[in-house]
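The values are calculated or read from the model by the stated rules, or taken from the named source; none is laboratory data. Everything numeric here is computed off the predicted structure, so don't read it as measured data. With ideal geometry, Cβ positions are generated from the backbone for all residues, glycine too; neighbour counts draw on all protein chains shown. Note: accessible area is taken over every heavy atom of the protein model, side chains too, but ligands, DNA and RNA are not part of it. Shrake-Rupley method; radii C 1.70, N 1.55, O 1.52, S 1.80 Å.
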Amino acid sequence: MKEMPPRALGALAEDGGVRFRLWAPKAGRVDLLLDGAEPLPMARSADDTFEAFERVVPGLGAGARYRYRMDGGDAFPDPASRFQPEGVHGPSSVVDPRTFRWRDDGWAGVPQDRWVFYELHVGTFTPEGTFRAVIDRLDHLADLGVTCLELMPVADFPGRWNWGYDQAALYAPSRAYGTPDDLRALVDAAHARGLAVFLDVIYNHLGPDGAYAAAFAPFFTERHHTPWGAAINFDDAGSEGVRAFFIDNALYWLREFHLDGFRLDATHAILDDSETHFLDALAVAVEGLREGPRRYLVAEDHRNLNVLVRPRTRGGYGLDAVGADDFHHQVRHLTAGDTDGYYADYAGTTAAELAVTLRQGWFYDGRPSRRTGRPRGTDASGVRRAQCVICIQNHDQVGNRPAGERLHHQIPLPQYRAASALLLLAPETPLLFMGQEWAASSPFQFFTDHDGDLGPKVTEGRREEFKDFAGFHGEVPDPQDPATFERSRLDWDDLRAPAHAGTLRLYRDLLRLRPELEGPVDAVPHGDRALALRRGPHTLLVAFGGGTALPLPEGAAPVWHTEQPGYTPEPQPPAVEGGTVRFAVPGAMLVKDGGLGG
């Protein structure tokens with residue numbers, strides 16, 4: 001397949017007016033409908049792109065409202081609209097990005113070996129739920145020690161609130177969070193504090209309501225199917241333009257918002273049998289961007305595929321990192337005991353298996369799945385540990401539980417502190433989910449605000465999803481109930497309570513310790529629920545259960561542990577007795593200048 005060069009789409013503000021460019025191969029005729037003006041016919045190019053006959057429509061600027069009418073039918077918003085001030089079903093609005101005054105000329109980005117991700121949902125991160133309100137909390141994040149913000153999707157969606165994966169207007173920052181310039185101000189302010197900003201983008205499906213792009217072009221194919229229905233058309237008739245549309249979308253976000261990279265949602269659902277996979281083409285386009293510092297691509301993918309991060313010179317797609325779920329699932333089983341659904345592959349997990357994950361980045365490297373008996377995953381030996389993004393919580397692993405419980409809602413805090421220490425001192429790239437750093441009291445539940453028949457269907461689908469989970473009896477928060485959204489907001493007043501403030505202090509200290517841990521990596525299990533993780537001269541001893549004794553590496557001296565005063569109102573510190581460390585409660589201790597115990 002010959003790639004179609006991406007063309008900038010949408011309403012493009014220029015000196016003297018606005019250029020309107022629409023890709024619409026399904027249309028025979030397209031009219032541009034401007035508020036208060038006669039319809040303007042648009043001219044078709046050979047690549048099925050339409051532009052107004054005058055090319056640049058004079059006398060227009062930022063704020064002008066418009067729609068497109070195809071073949072005399074209904075009027076639709078622009079699939080490449082930069083802003084939808086009245087929602088995804090309303091008219092599109094012209095935006096002029098040139099008027100924003102950036103202050104990040106000296107921004108050089110954050111190198112990959114310093115990445116610590118902090119995932120947040122703009123609408124629930126603060127009481128206000130806006131881009132501007134996130135700016136007011138950036139000092140908290142910089143002081144915490146994270147280096148990369150990961151924004152859950154901000155492309156506009158139907159209704160007042162949504163996780164963002166029901167995207168409808170792929171180029172338009174959601175009016176629920178503010179204006180495009182508010183998002184630019186957030187990125188600019190983050191860069192001023194040394195924080196990179198990654199955006200979660202969705203190139204595997206369109207939302208079920210308001211995604212008008214499919215009315216204009218062949219965005220779907222029946223050659224492949226995903227959990228959302230027909231797949232995005234990356235390899236069927238007309239796919240050249242679809243590929244160019246999504247690549248233009250990616251370059252738009254990077255250029256006009258100075259973003260540092262993307263988290264690519266569910267890349268396992270980007271189905272493409274082309275000679276050049278869409279992910280490969282996307283990586284080439286992003287690598288070719290010469291404006292600003294290097295930009296990065298991180299895949300969300302449960303398959304443990306080394307091809308995702310293998311260099312293109314060795315037959316890979318050339319992405320920079322991938323979410324490695326095995327760590328989360330193993331820790332979740334070792335602490336909370338989960339075995340439902342995909343956790344069945346981790347039932348019976350021991351510290352020995354977790355040690356394998358820590359040594360190589362993921363566990364399933366071609367070995368048989370516990371559920372199916374078939375080989376799962378690929379060889380991890382050529383994958384750098386910094387390319388594996390790990391977590392003990394993220395929006396999926398919290399929000400896709402029946403009641404949106406966080407890990408620390410279901411296990412004792414000493415055990416949570418031990419898991420947190422392992423996450424933040426492991427050699428892989430850690431990701432935190434908003435509020436994790438203080439053991440937030442609020443859940444993060446699944447919420448939507450769909451109109452008409454779609455809302456009740458979402459509610460029923462949510463109940464159906466969990467019907468086979470052990471101990472679940474159909475009691476699930478209604479995604480359509482506004483209270484579900486409100487419950488999911490972070491409560492920053494938590495930090496007035498000693499237990500929450502102590503957990504925050506723990507996370508700050510761990511992130512200050514993290515850069516000190518360098519050198520060769522090894523991990524050795526001790527029984528089923530304890531291990532020693534070595535990083536150069538440092539060794540982290542981790543016990544997921546109380547009453548555990550671990551050998552102290554010869555000649556090692558304790559540096560830090562999770563039961564220090566200040567982390568908890570009732571510390572129960574581990575005891576060093578000769579060559580042994582005894583944990584009265586679950587915990588972790590960092591020691592230095594020793595090897596791994598036998």
Q: Kindly indicate which of Asp522, Asp493, Asp509, Asp478 is in a loop (DSSP other than H, G, I, E, B), farther than 21 Å from Ile411 by Cα, open to solvent by 30 Å² or more (accessible area, probe 1.4 Å) and not small (Gly, Ala, Ser).
A: Asp478
Q. Would you pick out the residues in segment 38-79 that are of a type in the set (A, V, I, L, M, F, W, C) and part of a loop (DSSP other than H, G, I, E, B)?
A. Ala46, Leu60, Ala62, Ala64
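Restricting to segment 351-387, count the residues that are outside any helix (DSSP H, G or I) and in contact with a helix residue (DSSP H, G or I) (Cβ under 8 Å, 6 or more places away or on another chain). It would help to see each step written out before you state the result.
Step one: filter segment 351-387 for residues outside any helix (DSSP H, G or I), giving 361-384.
Remaining after also requiring in contact with a helix residue (DSSP H, G or I) (Cβ under 8 Å, 6 or more places away or on another chain): 361-364, 369-371, 376, 378-383.
Counting residues in segment 351-387 that are outside any helix (DSSP H, G or I) and in contact with a helix residue (DSSP H, G or I) (Cβ under 8 Å, 6 or more places away or on another chain) gives 14.
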Q. Of the residues Asp320, Asp365, Asp379, which single one is open to solvent by 50 Å² or more (accessible area, probe 1.4 Å), in contact (Cβ under 8 Å) with a residue 24 or more places away in the chain, farther than 25 Å from Tyr416 by Cβ and in contact with a strand residue (DSSP E or B) (Cβ under 6 Å, 6 or more places away or on another chain)?
A. Asp379
Q: Within segment 281-302, identify whether any single residue is part of a helix (DSSP H, G or I) and aromatic (Phe, Trp, Tyr), and answer yes or no.
A: no
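Could you identify the single residue in Leu186, Leu199, Leu170 that is in a helix (DSSP H, G or I) and buried (at least 22 other Cβ atoms within 10 Å of the Cβ)? Even if it seems obvious, please write down each step before you answer.
Values: Leu199 fails: in a helix (DSSP H, G or I); Leu170 fails: in a helix (DSSP H, G or I).
After applying the criteria, what remains is Leu186.
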Q) Between residues in segment 55-69 that are closer than 12 Å to Ala37 by Cα and residues that are surrounded by fewer than 16 Cβ atoms within 10 Å (Cβ to Cβ) and small (Gly, Ala, Ser), which pairs lie under 6 Å by C-beta distance while being six or more apart or on different chains? A) Arg67/Ala75
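Could you pull out the residue among Leu151, Leu138, Leu120 that is surrounded by fewer than 23 Cβ atoms within 10 Å (Cβ to Cβ), in contact with a strand residue (DSSP E or B) (Cβ under 7 Å, 6 or more places away or on another chain), closer than 23 Å to Leu511 by Cβ and among the hydrophobic types (A, V, I, L, M, F, W, C)? Outline the logic, then answer.
Numbers: Leu151 fails: surrounded by fewer than 23 Cβ atoms within 10 Å (Cβ to Cβ); Leu138 fails: in contact with a strand residue (DSSP E or B) (Cβ under 7 Å, 6 or more places away or on another chain).
Within the list Leu151, Leu138, Leu120, the selection yields Leu120.
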Q) Which ones in segment 231-264 are open to solvent by less than 10 Å² (accessible area, probe 1.4 Å), farther than 29 Å from Asp105 by Cα and touching a strand residue (DSSP E or B) at 6+ places or on another chain (Cβ under 6 Å)? A) Ala231, Asn233, Gly241
**Q.** Pick from segment 454-470, criterion open to solvent by less than 70 Å² (accessible area, probe 1.4 Å) and not aromatic (Phe, Trp, Tyr), ranking: modelled with the highest pLDDT
**A.** Leu454
Q) Which one of the conditions (1) in contact with a helix residue (DSSP H, G or I) (Cβ under 7 Å, 6 or more places away or on another chain); (2) closer than 25 Å to Pro482 by Cα; (3) surrounded by 21 or more Cβ atoms within 10 Å (Cβ to Cβ) does Ala176 fail to meet, given that it meets all the rest? A) (3)
**Q.** Lone unmet requirement of (1) more than 26 Å from Asp248 (Cβ to Cβ); (2) in contact with an Asp or Glu (Cβ under 7 Å, 6 or more places away or on another chain); (3) part of a loop (DSSP other than H, G, I, E, B) for Gly129
**A.** (2)
Q: Find the residue count for segment 338-350, including only residues that are within 20 Å of His408 (Cβ to Cβ), without any contact (Cβ under 8 Å) to a residue 40 or more places away in the chain and outside any helix (DSSP H, G or I).
A: 2
Q | Enumeration of residues in segment 323-337 that are in a loop (DSSP other than H, G, I, E, B) and surrounded by fewer than 24 Cβ atoms within 10 Å (Cβ to Cβ) | A | Gly337
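Could you say whether any residue in segment 269-282 is within 30 Å of Thr99 (Cα to Cα), open to solvent by 10 Å² or more (accessible area, probe 1.4 Å) and touching a helix residue (DSSP H, G or I) at 6+ places or on another chain (Cβ under 7 Å)? Step through it out loud before you land on a result.
Of the residues in segment 269-282, the ones within 30 Å of Thr99 (Cα to Cα) are 282.
Right, trim to open to solvent by 10 Å² or more (accessible area, probe 1.4 Å) and you get none.
The answer is no; no qualifying residue exists.
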